[in-house]
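Every number in this text was worked out from the coordinates using simple rules, so none of it is lab data. Here the structure is a predicted model, which is why all the values come from computation and not from measurement. Glycine also receives a Cβ, built like all others from the backbone with ideal geometry; neighbour counts cover every protein chain displayed.
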């Protein structure tokens, strides 16, 4: 918590994944809004609304389904040119729902979306949530590690107004899967949502120690904290910062090289350590360009040298290169870039 400069009043628990943490957030928001009646009586109405951007991770879709809220009650809010949620569009959606007798329940803000690493404007979103008394969950599953760097804490301004926050050390903090750090402002609301105490779970230490079975979905838990402790002890805070900065610098250097190449194009800002690009020869057909890039991705991955992934931005097939391996160096990135260019040239000559 101190390493990421998180609010002092946050209390945390390690979950398995951000998907579980997001589900916990939505369930807790649901129970708090219903005065903890839905756990007892079930859903007697279904007018709760959840809001997120169109770029938010699919775990939010899954969470609203599991929570019994229904996919139709997940409102995907419009994004700006940087693919971040538009606060004015969020407020309009909330006002519209209130007018139609629906109840705003929770807003999920992303600090680094999975598809494009877009950062939602947290201060503006937090202000809206405060105004309408809506639970604010902040998903920083991937990019939250960047908060270890003081120069990246701008994206978490107003985080103290959030009700819950999640980031995954197993994504970019060199920790083996699974390890997801989930923080809440009001831990009692979390406990009230998940606490069940049959006779066979009663112990004489209850009330003296945290019963983490009441802090999430699972009753049994793995000892996930030890591997994270080893990472922090091994690298130290400054060592982690050095590695994270190195990853970001390498990503920006690769971005500059791609921008200088006539046949490639950067498709989204490089905010962190993920580079979004596509092979972009002089072809007018978007469908043909998408097909070329898909073939390029499969050919690169089939080489067994590197492994890249993809996303779609405004119907454009985009290749994603993540530079987050613990000991990655400039020579590795240079070799990867060389392979990308060579593979693209071979494919282009056969078309």
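Brief remarks on what is shown
- Burial ranking of peptide ranges 50-56, 326-332, 243-249 (average Cβ count within 10 Å, highest at the top): 50-56, 243-249, 326-332
- Nearest-ten-degree value, helix 87-99 long axis tilted from longest Cα axis of the chain: 40
- Listed peptides 15-23, 294-302, 223-231 appear in the order 15-23, 294-302, 223-231 once ranked by packing, highest mean of other Cβ atoms within 10 Å at the front.
- Compared with the dominant Cα axis of the chain, that is its longest principal axis, helix 122-132 is turned about 30°.
- Calculated FRET value between residue 350 and residue 256, using beta carbons and R₀ = 25 Å, to 0.05: 0.30
- For the chain, a Gaussian network of Cα nodes joined below 10 Å ranks 311, 205, 114 by mean-square fluctuation, and the top entry is 205.
- Listed residues 256, 314, 33, most fluctuating in the chain (Gaussian network, C-alpha, under 10 Å): 314
- Scattering profile of segment 1-152 at q = 0.15, 0.16 Å⁻¹ [log10 I(q)/I(0), Debye over alpha-carbon scatterers]: -0.79, -0.90
- Max mean-square fluctuation residue, GNM over the chain, Cα-Cα springs under 10 Å, options 286, 275, 107: 286
- Cα-based helix-to-principal-axis angle, 225-260 vs the chain, degrees rounded to 10: 40
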